[in-house]
Amino acid sequence: MDFNFKEEQLQLADAVRRWIAKDYDFETRRAVVASETGSSPSAWATMAELGLLALPLPEQYGGFDGGALDAYLVMQELGRGLVVEPYVATLLGAKCLLLADDGARFGALLERVGAGAAKLACALGERQSRHDMRDVATRATRDGESWVLAGEKKVVLQGAAADVLVVSARTRGSQRDEDGITLFALPAATPGVRVTGYRMLDGQRGADVALDGVRVDATMLVGREHAGWAILDEALDHGAGLLCAEAVGAMDALFTATLDYLKTRQQFGVPIGKFQALQHRMADMYVHLEQARSLALLAAVRLDGGDAGERRSAVSAAKYRVGQAARFVGQQAVQLHGGMGVTDELPAAHWFKRLSTIELALGDCDHHLARFIAQPGFAANLGAEAA
């Protein structure tokens, strides 16, 4: 398996890195987070100009047919730069539309996404569902040529910024059945949609979305009726893969910042990096980072591999290991910085908060460990190794 990146991929990553250094530095990012919307129209326009929004889209919608490895490199740079724009939310929504093969219905919308003229978000989680996106209590009832949606979605990533929401609703079956989930592309301005936005721990924006008798035309159905889970299963893996790559970038930057701090902070007349105990802790951080990097890269490869079982196993393994590493690297970095490690003026605190949020997003460590173990063949392979 070739893990060498192409020259074009490295050039794109370098372009993103230079843009962040020039126009999205730490102080600029703090101003964006403190703004009313929590995002920057100029930054979004630049991301569109760089081709980041069109990267995963097919050529027929003005895209570049980019794969998971392309997105992996981009997300690493966005993680290093602590970029808070609604990139992951929009790509996750676009992935749902693409997996449904609904270009005939949503081709114009996807073209607008690639051009930076539209933002998407996925309204999936509910009060009782926690990490299980099959747990859907929101109902969609057919009424002639339309559907009527009623329910509430919680902690919708960048939901207040979205022009269109991809909403999951139950059209038949019990609350936790995979069968009977249907997806709808719902314009945020539709009557009956109430979006309440708020700032989250890491500076990103979340929202609660209330659906009060929302009437949706049948043309806004994403994919087939009752068959939304097959789309969500794969799309959520892609979203988790993006978050793993972002976490690797954030950990890399946090590790480097901590190492620089140990080289400059003096105690007893010498840099504290001279103390062997702190060197051991940095070595442990490096091991966690590299293991997380390897599994995140493997997950990106499996996302484009076509085998659903391998994809699920690789993504859950990566999300679990990256989550563990994010917690360890973040906590160690804060401790090694001392009291400065939790101040708002230091980037280290913001990387730590973002890593803490990524660990919980789209399934925490416990969720993905259980999912990994539940994959077919795991118990048989474990028994064979024990024998």
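Read-outs throughout are calculated quantities, based only on the coordinates presented, and are distinct from any laboratory measurement. A quick note: this is a predicted structure, and the numbers were derived from the prediction, not measured. Because the Cβ atoms are built from the backbone with ideal geometry, glycine has one as well, and the counts that use them run over all protein chains shown.
For the range 66-194, a Kirkwood hydrodynamic radius built from all Cα pairs, placed in the Stokes-Einstein relation at 10 °C and 1.306 mPa s, yields a translational diffusion coefficient of 101 µm²/s. Taking a straight Cα-Cα cut-off under 30 Å and skipping sequence neighbours fewer than 8 places away in the same chain, the lysines within cross-link reach of Lys353 are Lys22, Lys95, Lys119, Lys153, Lys154, Lys263, Lys274, Lys319.
Across the range 186-200, computed HN-Hα scalar couplings (Karplus, 6.51 cos²θ - 1.76 cosθ + 1.60, θ = phi - 60°) run 10, x, 5, 8, 4, x, x, 8, 10, 10, 10, x, 7, 8, 9 Hz from first to last residue, x flagging Gly and Pro. For the range 163-171, putting each phi into the Karplus relation 6.51 cos²θ - 1.76 cosθ + 1.60 with θ = phi - 60° gives couplings of 7, 9, 10, 8, 10, 9, 8, 8, 10 Hz, in residue order, rounded to whole numbers and with x for Gly and Pro. Membrane-span-like helices of the chain, defined as complete DSSP H segments with a Cα extent of 15 Å or more along the helix axis and a mean Kyte hydropathy of at least 0.5, are identified as 87-99, 228-264.
In this structure, the amide hydrogen of Arg215, modeled 1.01 Å from its nitrogen in the peptide plane, lies closer than 5 angstrom to those of Leu149, counting only residues at least 5 positions away or on a different chain. Charging the Cβ of each Asp and Glu at -1 and of each Lys and Arg at +1, and nothing else, the dipole of the chain about its Cα centre rounds to 1020 debye. Converting phi to 3J(HN,Hα) with the Karplus coefficients 6.51, -1.76 and 1.60 and the offset θ = phi - 60°, the range 138-155 yields 4, 10, 10, 10, 6, 9, x, 8, 10, 10, 10, 9, 9, x, 9, 10, 10, 6 Hz in sequence order, with x at every glycine or proline. Not counting the cut sites, what is the longest span of the chain without chymotrypsin sites (Phe, Trp or Tyr not before Pro) that DSSP labels loop and that have at most 13 other Cβ atoms within 10 Å? The segment 4-267 is the longest one with no such site.
If each residue's Cβ is checked for other Cβ atoms within 10 Å, how do Leu355, Leu109 rank with the fewest at the top?
Details: Leu355 26, Leu109 22.
Fewest-to-most Cβ neighbours within 10 Å comes out as Leu109, Leu355.
Which residues in the range 236-263 have a backbone N closer than 14 Å to a point placed 7 Å from the Cα of Gln279 along the Cα-to-Cβ line? What the label zone holds, given the 14 Å backbone N cut-off, is 263. Relative contact order for the chain: 15 percent, from Cα pairs under 8 Å spaced at least 6 residues apart, divided by residue count. Remark: relative contact order (the range 122-226) = 31 percent; criterion is Cα-Cα distance under 8 angstrom and separation of 6 or more residues.
Amide hydrogen proximity for Arg265: with H placed 1.01 Å from N in the peptide plane, the residues at 5 or more positions away or on another chain lying under 5 Å are Ile272. The amide H of Val166, built 1.01 Å from its N in the peptide plane, has Ala121, Cys122, Ala123, Leu186 as neighbours under 5 Å, considering only residues 5 or more places off or on other chains.
For the range 278-345, applying the loop criterion from DSSP together with a ceiling of 16 other beta carbons within 10 Å to the GluC sites (Glu not before Pro) yields Glu345. The trypsin sites (Lys or Arg not before Pro) of the range 211-293 meeting both criteria, a DSSP state outside H, G, I, E and B (loop) and at most 16 other C-beta atoms within 10 angstrom of the site's C-beta, are Arg224, Arg265. Of the GluC sites (Glu not before Pro) found in the range 117-158, those that fall in a DSSP loop while having at most 14 other beta-carbon atoms within 10 Å are Glu145. The Cα trace of the chain gives Rg and Dmax of 21.3, 79 Å, the first to one decimal, the second as a whole number.
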